[in-house]
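To start, the structure itself, in structure tokens.
The values are calculated or read from the model by the stated rules, or taken from the named source; none is laboratory data. Predicted model, so just to flag it, every value in this text is computed and none were measured. Methodologically, a virtual Cβ is constructed for each residue, glycine included, from the backbone with ideal geometry; neighbour enumeration extends over all protein chains shown.
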Ligand SMILES: Cc1cc2nc3c(=O)[nH]c(=O)nc-3n(C[C@H](O)[C@H](O)[C@H](O)COP(=O)(O)OP(=O)(O)OC[C@H]3O[C@@H](n4cnc5c(N)ncnc54)[C@H](O)[C@@H]3O)c2cc1C
């Protein structure tokens, strides 16, 4: 983990935490791929920290029952009663207020929502881990008491809770949801995105989801990977500069991987030439990406 980040005389110095103490690294160009923009924050650059963020999920697998033999209407009535009595929280057993049917049909999986504010900090992240485990315990204690679920068991739990959203960078360019949904091809586009709007909501309200119109293929501009006020620094991943709805689509794995490759290519070119990533001829960036098999805008 980075401890301090400093840019001086054209070089980045990063102190990283090792098992035996702090160690210092130097780099011509930095890429922040922490998802949480931790390096950008440590460099003192501006972050956007929304009041509301999407819930997290503690993914798990379960067994010990026959999903075809369960009375889902009775389970919904029982879960409503347990929620009203404070024994259970709606999002312990479902993304929205429809009882544990999906959880039981899918044998667990990505089935709960956990409120996880400030999860880009160690404190917030720790709270989310604790809340996720409390949610699982409430779910387990409730389900074990229901007919047909007497032998319900949790088989495995992900070692870490999955965080959907924390902060984004203030970028040299911010992707808006209207740009995203209209499939703008930016002059400095470095890769594609593809996913529908997919904003998970807190408090059992499910998802704010919207498919893209047929044929719409959004792009990601270089400027959204460049922290405002920075030099020789890039981000890749879900903390790119984007409004919340655009981010709900941009955050998924394929765009994150494409951003990673684009940021890597720009960092390599920048380190080789001494030119800031913002000023690199975009044709050179796309040519290098294509040389390594990337699908780039215009292909
Ligand atoms: C429950 C859940 C289900 C999802 N389902 C899907 C799906 O079906 N399909 C899909 O495409 N996407 C899905 N997503 C979204 C997607 O997985 C993530 O948004 C995406 O992986 C984010 O990529 P990233 O590179 O930005 O961050 P990450 O993949 O989180 O990578 C960041 C890395 O940096 C490390 N790190 C963080 N902070 C520090 C630090 N300070 N120092 C050192 N290392 C650090 C982390 O340990 C991690 O390895 C899901 C997300 C969740 C939470």
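At a glance:
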{"quantity": "Test: residue in the stretch 34-44 that is touching a helix residue (DSSP H, G or I) at 6+ places or on another chain (Cβ under 9 Å) and surrounded by fewer than 17 Cβ atoms within 10 Å (Cβ to Cβ)", "calculated": "no"}
{"quantity": "Residues located in the stretch 199-212, provided they are assigned to a strand (DSSP E or B) and buried (at least 18 other Cβ atoms within 10 Å of the Cβ)", "calculated": "199, 200"}
{"quantity": "Residue within the stretch 202-209 that is without any contact (Cβ under 8 Å) to a residue 60 or more places away in the chain, out of contact with any strand residue (DSSP E or B) (no Cβ under 8 Å at 6 or more places or on another chain) and away from the ligand (no atom under 16 Å from the Cβ) present", "calculated": "no"}
{"quantity": "Residue within the stretch 219-238 that is part of a loop (DSSP other than H, G, I, E, B), within 16 Å of the ligand (Cβ to nearest atom), surrounded by fewer than 17 Cβ atoms within 10 Å (Cβ to Cβ) and under 19 Å from the mean Cα position of the chain (by Cα) present", "calculated": "no"}
{"quantity": "Lone qualifier among 265, 258 - being in a helix (DSSP H, G or I) and under 18 Å from residue 183 (Cβ atoms)", "calculated": "258"}
{"quantity": "Residue list for the stretch 166-197, restricted to those being more than 20 Å from the chain's Cα centre (by Cα) and in a loop (DSSP other than H, G, I, E, B)", "calculated": "172, 183, 184, 185, 186, 187, 188"}
{"quantity": "Elements of type strands (runs of 3 or more DSSP E) contained in the stretch 1-98, each with 3 or more residues being touching a strand residue (DSSP E or B) at 6+ places or on another chain (Cβ under 9 Å), more than 13 Å from the ligand (Cβ to nearest atom) and in contact (Cβ under 8 Å) with a residue 24 or more places away in the chain", "calculated": "60-63"}
{"quantity": "Odd one out for residue 10 among (1) over 20 Å from the mean Cα position of the chain (by Cα); (2) at pLDDT 95 or above; (3) surrounded by fewer than 17 Cβ atoms within 10 Å (Cβ to Cβ)", "calculated": "(2)"}
{"quantity": "Failed item in (1) away from the ligand (no atom under 14 Å from the Cβ); (2) free of Cβ contacts under 8 Å to residues at least 40 places away in the same chain, with residue 159 passing the rest", "calculated": "(1)"}
{"quantity": "Within the stretch 96-114, tally of residues that are surrounded by fewer than 18 Cβ atoms within 10 Å (Cβ to Cβ) and closer than 16 Å to residue 201 by Cα", "calculated": "4"}
{"quantity": "Residue in the stretch 178-192 that is surrounded by fewer than 16 Cβ atoms within 10 Å (Cβ to Cβ) and within 23 Å of residue 264 (Cβ to Cβ) present", "calculated": "yes"}
{"quantity": "Enumeration of residues in the stretch 143-153 that are surrounded by 16 or more Cβ atoms within 10 Å (Cβ to Cβ) and either assigned to a loop (DSSP other than H, G, I, E, B) or not assigned by TED's automatic domain parsing to the domain that holds residue 128 (or both)", "calculated": "146, 148, 149, 152"}
